[in-house]
Amino acid sequence: MSPTNAPTPLQTISTAIAVANKMGIPAHIALANSGVTLEDLQTPEKMKMVTHAHELTVFSNMLAACGDTSIGLRIGQALDIYAYGILGAAMLIAPTLGEALQCLLDFPLLQVSYFKQTLRVEGAMAVATASGYRYRPDLTVVNTDMCLASWYMQMSGVLGEPLDVKRLTFAYKERPTHETLYSNVFDCNADFNSLENAIYFPAKLLTAPLRRSNPTQYHMMRGYCEHIHREWAAQQIHDVTTQILLLFRSSLHRYGSLNAAAQALHMSPKTLSRRLRHVNSSFQNLLDHARRDLALEYLAHSTLSIGEIAQELGYAETTCFRRAFLRWTGQSPIYYRERLRKEKSHKL
């Protein structure tokens with residue numbers, strides 16, 4: 001299943017068209033061959049769902065029309081907390097920033113998700129990362145910029161003040177032509193050719209009480225987000241493999257068992273297994289592929305230890321992960337990571 005077929009709300013395209021208008025790009029140029037019309041944008045009550053393929057066409061059209069590689073940053077800045085509707089409203093009244101971000105991660109259909117988005121704590125620093133990009137290579141910078149800029153805007157919106165970014169890293173091998181704009185957006189210079197795309201900020205911000213916190217209303221709003229997410233999944237995603245891949249993308253650790261995935265999809269494990277057999281697949285096969293892809297990403301672009309990677313992938317024992325990785329690649333995780341590092345150092 002190609003990731004470009006993953007469903008997504010129309011909101012991102014609507015935001016992109018507003019940005020295109022400010023840049024002098026006519027809407028009909030930006031929407032050309034995308035399958036989305038101006039009428040779709042003017043009737044948001046329809047809550048139309050599109051796919052990443054539709055979005056990518058719009059981004060490509062904009063880039064071709066203006067040649068400005070900073071369009072991802074511009075779109076990301078416009079995707080602030082208020083652009084996310086009910087999800088944004090829930091995040092605004094969360095008890096803490098950490099809970100607000102967990103809400104964002106738990107409902108991938110309600111937000112922009114071209115990447116596996118993770119949040120971890122390293123000592124005094126919290127690290128929000130975007131990895132696992134598998135879309136159009138010519139739009140890698142656009143989509144990465146959009147993801148990190150939107151994260152920055154959402155966290156700033158929740159905090160009620162600009163996020164204190166201590167470090168900003170990108171895995172780009174070459175510096176973008178709009179390099180100087182990163183400091184304008186994040187108030188922090190960017191480091192390139194890094195292990196991962198990440199925003200570093202003080203971990204203490206995750207647990208500090210928020211001024212607009214309303215725990216009772218937050219849990220009610222979160223419940224409504226869950227209802228909408230479930231409804232969109234049921235109405236718009238007919239391929240059960242896509243539903244499972246979306247769950248894995250939101251949290252492989254949480255949905256890495258047949259029972260957990262079946263419960264999230266509101267069906268019995270027996271029914272889920274039967275539906276997967278009907279499309280010549282199985283839960284274990286999808287899980288293995290997802291684990292393999294994420295393992296390769298973690299080993300290539302993160303500093304997590306082998307044990308931490310095993311835990312992220314849902315393995316109870318590190319040795320189980322090592323055996324699985326050897327089966328997938330014919331190499332041990334340590335050997336694979338060292339080989340990548342040597343290859344990278346030779347290129348520098």
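The values are calculated or read from the model by the stated rules, or taken from the named source; none is laboratory data. Just so you know, these numbers come straight off a predicted model, no measurement behind them. FYI the Cβ positions are ideal-geometry reconstructions off the backbone, even for glycines, and counts take in every protein chain you see. For the accessible areas, the whole protein counts, side chains as well, though only heavy atoms, and no ligand, DNA or RNA atoms are used. Shrake-Rupley method; radii C 1.70, N 1.55, O 1.52, S 1.80 Å.
So if the hydrodynamic radius of region 290-348 is defined as the Kirkwood radius over C-alpha pairs, what does Stokes-Einstein give as its diffusion coefficient at 25 °C and 0.890 mPa s, in µm² per second? Provide the component values of the computation, followed by the final result.
Details: Rh = 11.6 Å.
Diffusion coefficient, whole number: 212 µm²/s.
Residue 59 accessible area, nearest 10 Å², 1.4 Å probe?
The accessible area comes out at roughly 0 Å².
Heavy atoms of the protein only, probe of 1.4 Å, neighbouring chains included. What is the accessible area of residue 220 in Å², nearest 10?
Answer for residue 220: close to 120 Å² accessible.
Distance between Cα centroids, region 89-143 to region 244-290: provide it in whole Å.
Measuring centre to centre over Cα atoms gives 22 Å.
At what distance in nm do the modelled label points of residue 211 and residue 266 sit from each other, each positioned 7 Å from its Cα along Cα→Cβ?
In this crude spin-label approximation the distance works out to 3.9 nm.
Please give the contour-minus-distance gain from residue 274 to residue 18: 0.36 nm per residue of separation, less the Cα-Cα distance, rounded to one decimal in nm. Write down the numbers at each step before the final one.
Details: separation 256, 0.36 × 256 = 92.16 nm, distance 4.42 nm.
Separation in residues times 0.36 nm, less the Cα-Cα distance, equals 87.7 nm.
Once fully extended, how much extra length lies between residue 343 and residue 203, figured as 0.36 nm per residue of separation less the alpha-carbon to alpha-carbon distance?
Numbers: separation 140, 0.36 × 140 = 50.40 nm, distance 3.32 nm.
That pair, residue 343 and residue 203, stretches by 47.1 nm at full extension.
Heavy atoms only, 1.4 Å probe, whole protein assembly: order 196, 343, 297 by accessible area, highest first. Can you show the working numbers first?
Details: 196 20, 343 80, 297 50 Å².
Heavy-atom accessible area, descending, gives 343, 297, 196.
In Å and whole numbers, how far do the C-alpha atoms of region 134-209 stretch along each principal axis, longest first?
The Cα atoms of region 134-209 stretch 41, 23, 21 Å along the principal axes, largest first.
Where Rh is the Kirkwood radius over the Cα pairs of region 79-230, the temperature 20 °C and the viscosity 1.002 mPa s, what D in µm²/s does Stokes-Einstein return? Display every interim value, and only then the final one.
On the way: Rh = 15.8 Å.
D = 135 µm²/s.
When the helices in the chain are scored as -39500 (n - 2.57) per DSSP H run of 4 or longer and the sum is shared across all residues, what 222 nm value do you end up with, to the nearest 500 deg cm²/dmol? Each step should come with its number before you reach the end.
Numbers: 18 runs with 195 residues, N = 348.
The helix contribution divided over the chain gives -17000 deg cm²/dmol.
If the only charges are +1 at each Lys and Arg Cβ and -1 at each Asp and Glu Cβ, what is the size of the charge dipole of the chain around the Cα centre, to the nearest 20 debye? Spell out each step's value before the answer.
Numbers: 34 positive and 29 negative charges, 214 e Å.
The calculated dipole for the chain is roughly 1020 debye.
Give me the distance in nm between label points sitting 7 Å out from Cα along the Cα-to-Cβ direction at residue 42 and residue 328, one decimal.
Result for the modelled spin labels: 4.8 nm.
Between residue 285 and residue 231, take the C-beta separation as r, use R0 = 25 Å, and let me know the FRET efficiency to the nearest 0.05. Kindly include the intermediate steps, with their values, before the conclusion.
Details: r = 28 Å, r/R0 = 1.11.
The pair residue 285/residue 231 has a calculated efficiency of 0.35.
In a shell of Cβ-Cβ distance under 12 Å around residue 222, excluding residue 222 itself, what net charge do Lys and Arg (+1) and Asp and Glu (-1) give? Before the final figure, lay out each step's value.
Working: positive: none; negative: 99, 106, 226.
The answer is -3.
So what are the ³J(HN,Hα) numbers for region 142-159, from phi and the Karplus equation (6.51, -1.76, 1.60; θ = phi - 60°), rounded to whole Hz, Gly and Pro as x?
Karplus-based 3J(HN,Hα) across region 142-159 equals 4, 5, 5, 4, 4, 4, 5, 5, 5, 4, 4, 5, 5, 5, 5, x, 5, 6 Hz.
What FRET efficiency do you get for residue 311 and residue 125 if R0 is 22 Å and r is their Cβ-Cβ distance, rounded to the nearest 0.05? Numbers along the way, then the final one.
Working: r = 19 Å, r/R0 = 0.87.
Between residue 311 and residue 125 the formula returns 0.70.
What figure, in Å² to the nearest 10, do you get for the accessible area of residue 116 with a 1.4 Å probe and non-protein molecules left out?
Only protein atoms counted, so the area is about 20 Å².
Tell me, Kirkwood radius of region 195-348 from alpha-carbon pair distances, in Å? Display every interim value, and only then the final one.
Numbers: mean 1/r = 0.0547 Å⁻¹.
Final number for the Kirkwood radius of region 195-348 is 18.3 Å.
Once label points are set 7 Å from the Cα along Cα→Cβ at both residue 166 and residue 27, what is their separation, rounded to one decimal in nm?
Taking the simple label geometry, residue 166 and residue 27 are separated by 4.5 nm.
Please give me the summed charge of the neighbours of residue 168: other residues whose Cβ is under 14 Å from its Cβ, Lys and Arg +1, Asp and Glu -1. It would help to have the intermediate numbers written out before the result.
Details: positive: 166, 167, 175; negative: 145, 164, 179, 187, 191, 196.
Around residue 168, the surrounding residues sum to -3.
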